[in-house]
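Novice: Submitted below is the structure of interest, expressed as structure tokens.
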Amino acid sequence: MPFTKNDKNINTKGRAQGVPNTKTRELKFLVNCLFSLNLEEIIEYEESLNISQRLSLLKTLIPYVLATMKEDETMEEGIERIRKEIRDYKEQ
């Protein structure tokens, strides 16, 4: 094993609660940018699909574009959390 018992290099506390994973945040930002930059092509492609295919496409894309609300969160809390995430991202 690379670590010994009670090694000072082991982070036993982990990441603080509420702090998003950096890679996940970057990936979501990139997917959102790709979606935004290719919106016209996506709309053209979507118009050529039948209703079942359209719903499947939307079901696949929506989680990457829209922010998700937590189960116990009100609409106002969700909006404020999203605004905070945007401010934090812009500050980096």
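The values are calculated or read from the model by the stated rules, or taken from the named source; none is laboratory data. Just so you know, these numbers come straight off a predicted model, no measurement behind them. We place every Cβ from the backbone using ideal geometry, glycine too, and count neighbours over all the protein chains shown.
Novice: If a residue has to be of a type outside the set (A, V, I, L, M, F, W, C) and under 26 Å from Asp88 (Cα atoms) to count, how many in the range 13-54 make the cut?
Specialist: Residues in the range 13-54 being of a type outside the set (A, V, I, L, M, F, W, C) and under 26 Å from Asp88 (Cα atoms): 16 in total.
Novice: Filter the range 1-25 down to residues that are closer than 17 Å to Ile82 by Cα and in contact with a Phe, Trp or Tyr (Cβ under 9 Å, 6 or more places away or on another chain), then give me how many there are.
Specialist: 1
Novice: Give me the pairs, please: first residue somewhere in the range 70-82 and in contact (Cβ under 8 Å) with a residue 12 or more places away in the chain and at negative phi, second residue anywhere and of a type in the set (A, V, I, L, M) and surrounded by 12 or more Cβ atoms within 10 Å (Cβ to Cβ), beta-carbon distance under 7 Å, and either six or more positions apart or on two chains.
Specialist: From the range 70-82, the pairs are Ile82/Ala67.
Novice: Counting only residues that are modelled with pLDDT under 75, give me the helices (runs of 4 or more DSSP H) lying completely in the range 1-87 with at least 2 of them.
Specialist: On the way: elements: 22-37, 39-47, 51-65.
Fully inside the range 1-87 and qualifying: 51-65.
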